[in-house]
Amino acid sequence: MDLSLYNTMTRTIEPFVPLKNGVVGMYCCGPTVYNYAHIGNLKTYVFEDVLRRTLEYDGYTVNHVMNITDVGHLTDDGDDGEDKMVKSAKEKGLSVYEIAQMYTDAFFEDIDALHIKRPSIACKATDHIQDMIDLIKRLEAKGHTYRAGGNVYFSIDTFPRYGALARLNLEELQSGARIDIDLNKKNPKDFVLWFTQSKFENQVMVWDSPWGKGYPGWHIECSAMSMKYLGDTFDIHCGGIDHVPVHHTNEIAQSEAATGKKWVNYWVHGEFLINETGKMSKSKGEFLTLSRLREKGYDPMDFRYFCLGGHYRSQLVFSWQSMDSAKNARKNLIKQIQSIKKITSEPAQKLSDAALSYQKSFVEHLNNDLHTPRGLAVLWTLLKDETLPGDQKLASLYEFDKILGLGLTDIASESVQEFVLPKEIQDLVDERAKAKRAKNYHRADELRVIVEKSGYTLKDTADGTVITKIM
Ligand code: AMP
Ligand code: ZN
């Protein structure tokens, strides 16, 4: 079945044709690790996971590369924010490297809990500084850079296609009243490739380079690492919609200026998760994490279900009410699977014609620019179909779940719901209670994570801790 994807570059839905038969190179901008991922970030990773799973369902091998932004000084272009990694390290009394490692681990815990497949390659920026230096050197040799105020800048006037992705009107931007705080820039849209001068004092993360001791600009890591692992041209680049006007625009400029080739064939962007007060952002400080949702009694799968209920190119508005609807819908789904399992616990070996037509329609919706809401609608219609035997329903659901990733194959039948807590888990729960009594909340949180990773959720209530097996 043929996949079609909306390409931000052309603003149209296009048939997907890979560069190499049967193999897809896919790069996704990863997390900045000076804080936990918020649920907006996680919405983006869920959509990217659905894309990967759909490609795999269609028979492709996906080389999925993701960067980990652990060079923490900058998360925007202007060097005008605060040094977020240092700020976080000071607050926690840890080194910047410890901070990066702590939040990288937390990120992987979150994506595991959400059944987001881990990237084939997750690469840290700090492990690829030399690749970035080499790329800047290539840009310098081709005349795309200039030095000013101790820093190396990319000159966008040397790259005529600049801004094509975001359809920027450069003349308008130039003549506009924009006052850039960086007076070193020849063009306000120029951006830093390498910093040796920063307003931040006592930089910890600095490296030697031909331009002096310093650190890379924000955008160069994605160009350097994606090309290292996927080649000069690859199939798909993903990210959140916020990255279109600056980050991805600058990534394209650096990559294509260096190689002289087209860099990416399909640009796929997910819309934002917003809350009632507007966009959710890390730098604003106040945001919701997966742990917070868990504390409120939601299973990570409730959040995944919530994300799948909207199309990735539509904004998703978060509210506790909509989380409750997702939770109830998933509960209902689990109940239906359990009642099928009361009669037949084994899925059919072969799909009947009726089941095949449901499967065809489900896959068509997913292949049509990842239409998960329509895919879920097919799932519910199938469940309601009284003419379809239980084993056919189970086999179909298991098939759909290869893309949905809701863990439907692991749902136990009702009779085995009453579980006995294994001794090793009980010991961890007891140790956690002890740590809490001793007000050692750090240890208590660590133990919670270990227990949850073993497939249980913990909820502290007035009557003690309630333990549920994750299904
Ligand atoms: P960050 O860790 O902030 O660099 O973001 C990681 C990914 O999450 C990027 O692809 C961003 O575009 C995306 N992102 C950031 N904020 C949101 C949001 N509120 N909703 C959806 N995606 C987001
Ligand atoms: Zn990137």
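The values are calculated or read from the model by the stated rules, or taken from the named source; none is laboratory data. All values reported here derive from a predicted model rather than from experimental measurement. Glycine also receives a Cβ, built like all others from the backbone with ideal geometry; neighbour counts cover every protein chain displayed.
Figures for the structure shown
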item	result
Hits in the range 231-241 (condition: away from ligand 2 (no atom under 11 Å from the Cβ) and either under 19 Å from Gly217 (Cβ atoms) or in a helix (DSSP H, G or I) (or both))	Ile241
Yes/no for Tyr305 being under 23 Å from Lys453 (Cβ atoms), more than 16 Å from ligand 2 (Cβ to nearest atom), of a type outside the set (Lys, Arg) and assigned to a helix (DSSP H, G or I)	yes
Which listed residue, of Lys90, Lys142, Lys117, Lys137, is at pLDDT below 95 and either surrounded by fewer than 21 Cβ atoms within 10 Å (Cβ to Cβ) or at positive phi (or both)	Lys90
Selection count where residues are more than 7 Å from ligand 1 (Cβ to nearest atom) and within 9 Å of the chain's Cα centre (by Cα), scope the range 34-44	1
Failed item in (1) without any contact (Cβ under 8 Å) to a residue 40 or more places away in the chain; (2) buried (at least 16 other Cβ atoms within 10 Å of the Cβ), with Lys331 passing the rest	(2)
Residue within the range 245-253 that is part of a strand (DSSP E or B), closer than 23 Å to Asp369 by Cα and in contact with a strand residue (DSSP E or B) (Cβ under 9 Å, 6 or more places away or on another chain) present	no
Subset of the range 12-44 (residues that are assigned to a strand (DSSP E or B), more than 16 Å from ligand 2 (Cβ to nearest atom) and either closer than 17 Å to Ala106 by Cβ or basic (Lys, Arg) (or both))	Lys20
Residue within the range 274-284 that is assigned to a loop (DSSP other than H, G, I, E, B), over 19 Å from His115 (Cα atoms) and touching a Leu at 6+ places or on another chain (Cβ under 8 Å) present	yes
Filtered residues of the range 254-283 (kept if within 16 Å of ligand 2 (Cβ to nearest atom) and either surrounded by fewer than 16 Cβ atoms within 10 Å (Cβ to Cβ) or not β-branched (Val, Ile, Thr) (or both))	Gln254, Ser255, Glu256, Ala258, Trp263, Tyr266, Trp267, His269, Gly270, Lys282
Boolean, Leu290 is more than 16 Å from ligand 2 (Cβ to nearest atom), modelled with pLDDT of 95 or more and crowded, with 18+ Cβ neighbours inside 10 Å	yes
Subset of the range 45-61 [among the polar types (S, T, N, Q) and either within 8 Å of the chain's Cα centre (by Cα) or part of a helix (DSSP H, G or I) (or both)]	Thr54
Flag if Val244 is in contact (Cβ under 8 Å) with a residue 12 or more places away in the chain and in the same structural domain as Met26 (by TED's automatic domain parsing)	yes
Given (1) more than 16 Å from ligand 1 (Cβ to nearest atom); (2) at pLDDT 95 or above, number of the condition Ile220 does not satisfy	(1)
Residue within the range 94-112 that is modelled with pLDDT of 95 or more, surrounded by fewer than 21 Cβ atoms within 10 Å (Cβ to Cβ) and assigned to a strand (DSSP E or B) present	no
Breaking point among (1) outside the structural domain of Asn41 (by TED's automatic domain parsing); (2) more than 20 Å from the chain's Cα centre (by Cα); (3) on the phi < 0 side of the Ramachandran plot; (4) in a loop (DSSP other than H, G, I, E, B), for Gly297	(3)
Asp76 being within 30 Å of Arg304 (Cβ to Cβ), in a loop (DSSP other than H, G, I, E, B) and either in the same structural domain as Cys29 (by TED's automatic domain parsing) or at pLDDT 95 or above (or both)	yes
